[in-house]
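Written below as structure tokens is the structure these notes are about.
FYI, it's all coordinate maths here, none of it is from the lab. Remember, it's a predicted structure, so these values are computed and weren't measured experimentally. When we count neighbours, we look across all protein chains shown, and the Cβ atoms used for this are built from the backbone with ideal geometry, even at glycine.
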Amino acid sequence: MKDFFQFVANESFNAETKSAPVSTTLSDDELLDAYSQAVIGAAEKVNPSVVNIEVTHEQRSRDSRRSRGQRSGSGSGFVFTPDGLILTNSHVAHGASKIEVTLADGRRGEAQLIGDDPETDLSVIRINLPNLVPAALGDSQKIRVGQLAIAIGNPYGFQYSVTAGVVSALSRSLLSQSGRSIDNIIQTDAALNPGNSGGPLVNSRGEVIGVNTAVILPAQGICFAIAINTAKFVAGQLIKEGRVRRSYIGVGGHVVPLHRRLVRHYNLPVETSVLVVSIEPDSPALKAGLQEGDLIIGYDDHPIAGIDDLHRLLTEQRVGVRSKLKIIRRSEMLTFDIIPEESRAR
């Protein structure tokens, strides 16, 4: 609760007497009020940035020359630049023939697709309207399990619905619709429903820490969001190129802390690493000799503290270029030659 309020104890003294101690114990009502105020404040800050997205898809016959009608869908998103750029999920905007956006103030307009990346389930669209309010973007590396998480979106058409919970876990992995593993996923119990996709997950300060993307059905309270640091990187590539061009080594993993003894023994510049939990068949990682359970700590001369670090390095320029991958296997440091391939986007 320390994010929501601050304890202050004032004690006054004089030369002769000491005043009675001031109680710093808050009642249940005061604690609940502090929690409510945190949710209210965060929601009011980010609500003007949240949008409702309605999409239309042309359904075509097998020969692709004749239309079989239209299919509609909806989702959420949020404005993140003053000139109308909006982040949402790829599964909301991908392949849409028409995208319409409704703002929190009721204004409505048609949006254009700027870029799409099914491999991370992220898309950037743009709407041309004045006086837009961009959401503040946070830092997902500063998230802690147990902290307040607030989801805002348009489930089942109920616009600008707010749900609150906590960050349940970090560094989850999730399969995108392209079949690629999306790493560094945030798990939360803030309720999500169809229509929440693409909306923001925010902290108590109203900063976006994730892009809501999926739920597990029929489970309750197991919901997922793409970390905002991943979204920042992908959005930058989508704005520049319209797509993310990347190389590929074929591992799935998540962030784990390194034992202090290993950090000291090898004088490592990082205290976390990427734990390899899966290796794809016939992948560069398998050919190089990586194994499940290896800890990736470096790529060429760059330290690797997490999945985002690895993704930033696996650019188009790395395709076919022999590189050095530094790992720890059990307690031994090893270096492998690896040659990334073109990403196997589907």
Quick one: give the max-minus-min coordinate of the C-alpha atoms of region 53-208 along each principal axis, largest first, in Å. 52, 38, 25
Among ASP83, ASP294, which comes first, second and so on when ranked by fewest other beta-carbon atoms within 10 Å? ASP83, ASP294
With θ set to phi - 60°, apply the Karplus curve 6.51 cos²θ - 1.76 cosθ + 1.60 along region 198-209 and write out the HN-Hα couplings as whole Hz, x wherever there is a Gly or Pro. x, x, x, 9, 10, 8, 5, 8, x, 8, 6, 10
Which of the peptides 286-293, 74-81, 89-96 is most tightly packed, and how do the rest follow, going by the mean number of other Cβ atoms within 10 Å of each residue? 74-81, 89-96, 286-293
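If you place +1 on the Cβ of every Lys and Arg and -1 on the Cβ of every Asp and Glu, how big does the dipole about the Cα centre of the chain come out, in debye to the nearest 20?
Value, rounded to 20: 1080 debye.
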Once phi for every residue in region 257-265 is put through the Karplus expression 6.51 cos²θ - 1.76 cosθ + 1.60 (θ = phi - 60°), the whole-Hz ³J(HN,Hα) values, with Gly and Pro written as x, are x, 8, 5, 4, 4, 5, 4, 6, 5
Residue by residue through region 307-316, the couplings from Karplus 6.51 cos²θ - 1.76 cosθ + 1.60 with θ = phi - 60°, in Hz, x for Gly and Pro, are 4, 4, 4, 5, 4, 5, 7, 7, 8, 4
Given the options GLU100, GLU119, GLU332, which has the most mean-square fluctuation in a GNM of the chain, springs set between C-alpha atoms less than 10 angstrom apart? GLU332
Suppose we keep just the alpha-carbon trace of region 212-327; what are its Rg and Dmax in angstrom? 15.9, 47
Taking every alpha carbon pair in the chain and sorting the distances into 10 angstrom bins from 0 up to the bin holding the longest one, the percent per bin comes out as 5, 23, 27, 22, 14, 6, 2, 1, 0, 0
What number of lysine-lysine pairs in the chain show an alpha-carbon separation below 19 angstrom, given a sequence spacing of 8 or more or placement on distinct chains? 5
So what is the calculated 222 nm ellipticity per residue for the chain, using -39500 (n - 2.57) for each DSSP H run with n of 4 or more, over all residues, to the nearest 500 deg cm²/dmol? -4500 deg cm²/dmol
